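Quick notes on the structure that follows.
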Amino acid sequence: MNTKVHPDHAPAPGDPMSNGDRDVRIVIIGAGVAGIATAYTFQQAGFTNFTILEKGSDVGGVWHWNRYPGLTCDVPSQIYQFSFAPKPDWTHVFASGEEIQRYHRDVVDHFGLDAHLRLNTEITALRYDADSSRWTITTDDGGTMVADFVVCATGVLHHPFTPDIPGMDTFEGPIIHTARWDPNMQTAGRRIAVIGAGSTGVQLVSAVQPQADAIIHFARSPQWILWAPMRTRQGRVLTALLRGRKGLHGFLYRRVFLRASDILADITTTPSWRRNLVQWFARVSLRAQIRDRQLRAALTPDYQPLCKRQVVSGSYYQAITAPNARLVTDPIDTFTPSGVRTSSGEDHDVDLVVLATGFHAHNYMRPMSIIGRDGITLDDAWEKGPRGYRMTAIPGFPNLFTVIGPNPSTASISQQYTAELTARYIVHWLKRFQNREVNEVEVTEQATDEFNDAVADAIGPTVWNTGCNSWYIGGNGNIDLWPFDRRTMTRMLTAPDENHYHIR
């Protein structure tokens, strides 16, 4: 396989191959779920001149960067896998982050994708040249590459958000973000402050509370928490059945597991009895497990369940009611040398502060500099917030595609399904380029406007639009999510509508 593309030996776009077709040079940015699905799909379609550039030291994306105690996927394991790499032997119904990362590494190794992979390589700039219809990629070591197509599979959760709290530099203990966890960090016997009430904060508190000397959870805005058996092991009978009958496993994935995820899309996008039922269960989960009325009031959000990214846990309420645990809802005023002071003036002395404060979810490919047609930059194009066409293309940037781009399906539809579908969609254009039918393809402004207008209309009845402040909302105030069901996604991304593109 031709695994690396360098300008000193890469063929020019018009150079013929032995069969008369052009060799399509492709760079895939990111080796998480989206990047792995894209690489596999391209390889299966016969496109092998691709390089995967990954800034991390291993594959897995969010599952590589996040290694904090208690990290667990909030989607059942049998749903959270690639259709082309079914895994029958998950250890738990909800897999740990470590097992998911190992699964991604196994997939890369099994399909020979490692030969195309360059780790510890961060891209600093992309620049398009209209005369040659190619992209020049600059990496952090000063090297450059050229490609006919660039596919941005960077995901949405990879730039940690660190709050700007006064006095952080005065605290005498360690401050660590969950996405930069030190595996040598000791938590047993320590007084720990956890800042942040999302899934990460809930999982971390649940995991470290039993052995901590004390744990204080700073959760200014409480979350609804659905009870689920997160620690339940996958049954041996199911594992043996799926391992022995691969056809059955594939059938169950397509007909049962994926369709189960369709129910979530229906719940979040359409007001119905299903949504009411899940919201009722969230309220019951709180009432049944928290008997203390004062604590229950402090843990009760002022918005509808499911409005934010839903938190799932089977142990948090037990952890936060333990003698060594405390919930603090007062805003943090400042750090002190010995801990944290809240707006009420109360000091909380701790040894360790953990920031479970999430990510810059709307950065996507940034901070890399991306310059498209006629010198337009991505920052210019996204001055009013991320904006694209069907998660896949951006006006002004020819021969560049995104996998799980703006308006991602992160809150409702399988990421693996979305990535595989999008990659097959991009293959259509790769074939057109290979066959010399096109040199340049760019989505139109009109098609992008029409799609974004449809998104704005469809967001209205979704549960995300019921009055909460969540990370789904971009800097422009718009909810940056996919508001349609999986059937609509499949229809939109099965094959391109060429009327929506400038083709040269």
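A few points about this structure:
- Unmet requirement for residue 90, which otherwise passes all of (1) at pLDDT 95 or above; (2) within 19 Å of residue 359 (Cβ to Cβ): (2)
- Test: residue 62 is buried (at least 22 other Cβ atoms within 10 Å of the Cβ) and touching a residue at least 24 places away in the same chain (Cβ under 8 Å): no
- Those residues of segment 448-477 which are in contact with a helix residue (DSSP H, G or I) (Cβ under 6 Å, 6 or more places away or on another chain) and either among the charged types (D, E, K, R) or open to solvent by 70 Å² or more (accessible area, probe 1.4 Å) (or both), in sequence order: 465
- Among the residues of segment 406-450, those identified as under 18 Å from residue 483 (Cα atoms) and in contact with a strand residue (DSSP E or B) (Cβ under 7 Å, 6 or more places away or on another chain) are 447, 448.
- Considering the conditions (1) surrounded by 19 or more Cβ atoms within 10 Å (Cβ to Cβ); (2) within 14 Å of residue 51 (Cα to Cα), residue 119 is excluded by exactly one of them, (1).
- Filter result (touching a residue at least 40 places away in the same chain (Cβ under 8 Å) and farther than 25 Å from residue 75 by Cβ) within segment 280-303: 298, 300
- Among (1) touching a residue at least 40 places away in the same chain (Cβ under 8 Å); (2) open to solvent by 60 Å² or more (accessible area, probe 1.4 Å), the one test that residue 236 misses: (1)
- Among the residues of segment 141-153, the ones that are part of a loop (DSSP other than H, G, I, E, B) and open to solvent by 10 Å² or more (accessible area, probe 1.4 Å) come to 3 in all.
- When 306, 258 are checked against the criterion of being in contact (Cβ under 8 Å) with a residue 12 or more places away in the chain, buried (at least 16 other Cβ atoms within 10 Å of the Cβ), at positive phi and not charged (D, E, K, R), 306 stands alone in meeting it.
- Within segment 84-103, the set of residues being open to solvent by 30 Å² or more (accessible area, probe 1.4 Å), over 18 Å from the mean Cα position of the chain (by Cα) and of a type outside the set (A, V, I, L, M) comprises 84, 86, 87, 89, 91, 92.
- When residues in segment 250-276 are screened for being over 23 Å from the mean Cα position of the chain (by Cα) and assigned to a helix (DSSP H, G or I), 9 of them pass.
- Residue count for segment 475-504, restricted to those that are in contact with a strand residue (DSSP E or B) (Cβ under 8 Å, 6 or more places away or on another chain) and closer than 16 Å to residue 415 by Cβ: 1
- Of all residues in segment 366-420, those that are aromatic (Phe, Trp, Tyr) and either buried (at least 23 other Cβ atoms within 10 Å of the Cβ) or closer than 16 Å to residue 447 by Cα (or both) total 3.
- Boolean, residue 240 is of a type in the set (A, V, I, L, M), outside any helix (DSSP H, G or I) and more than 26 Å from the chain's Cα centre (by Cα): no
- Positions within segment 219-237 being among the aromatic types (Phe, Trp, Tyr) and either farther than 17 Å from residue 201 by Cβ or not in a loop (DSSP other than H, G, I, E, B) (or both), in sequence order: 227
- When we screen 338, 315 for residues that are among the hydroxyl-bearing types (Ser, Thr, Tyr), closer than 15 Å to residue 202 by Cα and at pLDDT 95 or above, the only hit is 315.
- For segment 129-147, the condition of being at pLDDT 95 or above and within 20 Å of the chain's Cα centre (by Cα) holds for none of the residues.
- Looking across segment 489-504, the residues that are crowded, with 16+ Cβ neighbours inside 10 Å and within 30 Å of residue 268 (Cβ to Cβ) come down to 489, 492, 493, 496, 500.
The values are calculated or read from the model by the stated rules, or taken from the named source; none is laboratory data. Given the structure is predicted, the values throughout are model-derived calculations rather than measurements. Cβ atoms come from the backbone with ideal geometry, glycine included; neighbour counts cover every protein chain shown. Heavy atoms of the whole protein, side chains included, go into the accessibility calculation; ligands, DNA and RNA do not. Shrake-Rupley method; radii C 1.70, N 1.55, O 1.52, S 1.80 Å.
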